[in-house]
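**Student:** Below you'll find the structure I mean.
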Amino acid sequence: MHRRLAHAALPVLLTLAVTACAPAEDDDAAADGSAGTGDTASCDVADLPLLSDGTLTIGTDSPAYEPWFADNDPTNGKGFESAVAYAVADRLGFAADDVTWVTVPFNNSYAPGEKKFDFDINQVSISPERAQAVDFSRGYYTASQAVIALDDSPVSDAASVADLADYKLGAQTGTTSLTAIRDVIQPGEDPLVFEDTNAAKQALLNDQVDGIVADLPTALYITAAEIPKAKIVGQFQVAEDQTEQFGLLFEKGSGLVPCVDEALDALEDDGTLAELEQQWIPAATAVPELP
């Protein structure tokens, strides 16, 4: 889930580096686990079931990392997830001034109970386990996991997921990256668990771990802008026949889900989601797949 550099430099840096958080779901499974149970009379702003009338309240973590956000500021509309959030808001009928942001720690976002946001956007993977406590929109981004190692580390020569099992790996707590280490890589020793990606990156630099696992866009940014002496060993999915999807997250039973899904459908149909992905996240075709 990243870090901060001037957003204008991000595409250049990432192009130089490469051309290019529960078990993953396929699209049908994601849809089955993401429907809100509340009823909304219409998708007119006046009829939407909002935390505050006339205001769309969006949650995300702090720090808010690149390339998902820029300059640790969700309100500026820069970075993929900030841009997606404002595009959804616009489709729902909200001006930018009608959007407010609240800080929500990653692990708290999908915990059971009442929420202080209308939806949360923070690279949260759709999963059946999480969908027991919260609702999800349809996916807005298809993710894969990536392994990051220093250039001179023996991990950098790994050619398959099986090759990674002999190394000390780490990832942020509560993420699918940590799940991927435990369930897919299955290393010989327990992975190190970090509070956030900053701590994971520091552990890599301090040789506390041989490699760290993060979603691919985060890995691209880390290796391009933050740790240039590191490389992406490769990418992989958390399940062989499924893809991991990030979804907007709602309080369980939210009647807002159908309207947000409608907005996301429109953003996909008119090419907006693809354009935003191309603008803020480079293509990943040059990153090797780890069988």
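**Student:** About the Cα centre of segment 93-147, how large is the charge dipole given +1 on each Lys and Arg Cβ and -1 on each Asp and Glu Cβ? Please answer in debye to the nearest 20. Numbers along the way, then the final one.
**Tutor:** Details: 4 positive and 7 negative charges, 42 e Å.
Its charge dipole is roughly 200 debye.
**Student:** Using only Cα atoms, figure out Rg for segment 136-291 and give it as a multiple of 2.2 N^0.38 Å. Before the final figure, lay out the partial values.
**Tutor:** Working: Rg = 16.7 Å, N = 156, 2.2 N^0.38 = 15.0 Å.
The value comes to 1.12.
**Student:** Using only alpha carbon pairs under 8 Å that are at least six residues apart, calculate the relative contact order of segment 69-168 and give it in whole percent.
**Tutor:** Values: 50 pairs, mean separation 14.4, N = 100.
Contact order relative to length: 14 percent.
**Student:** May I pose another question? Quick check on packing: order 98-106, 167-175 by the mean number of other C-beta atoms within 10 Å, highest mean leading.
**Tutor:** Numbers: 98-106: 17.2, 167-175: 22.4.
Packing order, densest peptide first, comes out as 167-175, 98-106.
**Student:** Magnitude of the Cβ-charge dipole of segment 77-226, K/R +1 and D/E -1, about the Cα centre, nearest 20 debye? Can you show the working numbers first?
**Tutor:** Details: 9 positive and 23 negative charges, 97 e Å.
Dipole of segment 77-226, to the nearest 20 debye: 460 debye.
**Student:** Additional query: Summarise the accessible area of segment 160-291 (1.4 Å probe, protein heavy atoms) by the percent that is carbon and sulfur.
**Tutor:** On the way: 2310 of 5410 Å².
Whole-percent figure for carbon plus sulfur exposure: 43.
**Student:** Here is a further query. If amide hydrogens are placed 1.01 Å from N in the peptide plane, which non-local residues have theirs closer than 5 Å to the one on Glu289?
**Tutor:** For Glu289, whose amide H was placed from the backbone, the distant partners under 5 Å are Gln235.
**Student:** Each label point is 7 Å from the Cα along the Cα-to-Cβ direction; what then is the distance between the points at Thr75 and Glu195, in nm?
**Tutor:** The modelled label-to-label distance comes out at 2.5 nm.
**Student:** Show me, for segment 123-128, the HN-Hα J-couplings you get by feeding each phi into the Karplus relation (A = 6.51, B = -1.76, C = 1.60, θ = phi - 60°), rounded to Hz, glycine and proline as x.
**Tutor:** With coefficients 6.51, -1.76 and 1.60, one gets 6, 8, 6, 6, 8, x Hz.
**Student:** Per residue, how much accessible surface does segment 70-197 expose to a 1.4 Å probe? Answer in Å², no decimals. Don't jump to the answer; show the numbers that get you there.
**Tutor:** Numbers: 4900 Å² over 128 residues.
About 38 Å² of surface per residue is accessible.
**Student:** Let me ask another. Please work out the C-alpha center-to-center distance from segment 146-186 to segment 233-265 and express it in whole Å.
**Tutor:** 24
**Student:** Of the options Gln186, Ser156, Thr175, report the single residue whose Cα projects farthest towards the positive end of the charge dipole of segment 128-209 (beta-carbon charges: Lys, Arg +1; Asp, Glu -1).
**Tutor:** Thr175
**Student:** Using mean Cβ contacts within 10 Å as the protection proxy, how do 199-209, 185-195, 74-84 order, highest first? Mind showing how you got there, number by number?
**Tutor:** Values: 199-209: 17.3, 185-195: 15.3, 74-84: 22.2.
With the highest mean Cβ count within 10 Å placed first, the list reads 74-84, 199-209, 185-195.
**Student:** Could you derive backbone 3J(HN,Hα) for segment 197-208 from the dihedral phi with the Karplus parameters 6.51, -1.76 and 1.60 (θ = phi - 60°), listing whole Hz in sequence and x where the residue is Gly or Pro?
**Tutor:** Going residue by residue, I get 5, 4, 5, 5, 5, 5, 5, 5, 5, 8, 6, 7 Hz, with x marking Gly and Pro.
**Student:** Ranked highest first by the average count of other Cβ atoms within 10 Å around their residues, in what order do 112-118, 254-260, 219-225 fall? List each step's numbers first, then the result.
**Tutor:** Working: 112-118: 15.3, 254-260: 22.4, 219-225: 26.1.
In descending order of packing, they fall as 219-225, 254-260, 112-118.
**Student:** Ok, one more. In segment 128-261, what percentage of the DSSP-assigned beta bridges are antiparallel, given to the nearest 5?
**Tutor:** Values: 17 of 22 bridges.
Roughly 75 percent of the DSSP beta bridges within segment 128-261 come out antiparallel.
**Student:** Over segment 178-270, what is the relative contact order in whole percent, taking alpha-carbon pairs under 8 Å and six or more residues apart?
**Tutor:** 16
**Student:** Mind checking the dipole of segment 34-145: about its Cα centre, +1 per Lys or Arg Cβ, -1 per Asp or Glu Cβ, Debye to the nearest 20? Intermediate values should be presented prior to the final figure.
**Tutor:** Numbers: 6 positive and 17 negative charges, 66 e Å.
Roughly 320 debye for segment 34-145.
The values are calculated or read from the model by the stated rules, or taken from the named source; none is laboratory data. Every value quoted in this text rests on a predicted model; they were computed, and no experiment measured them. Quick reminder, even Gly has a Cβ in these numbers, built from the backbone with ideal geometry, and neighbours come from all protein chains shown. Surface accessibility is based on the protein's heavy atoms, side chains included, excluding ligands, DNA and RNA. Shrake-Rupley method; radii C 1.70, N 1.55, O 1.52, S 1.80 Å.
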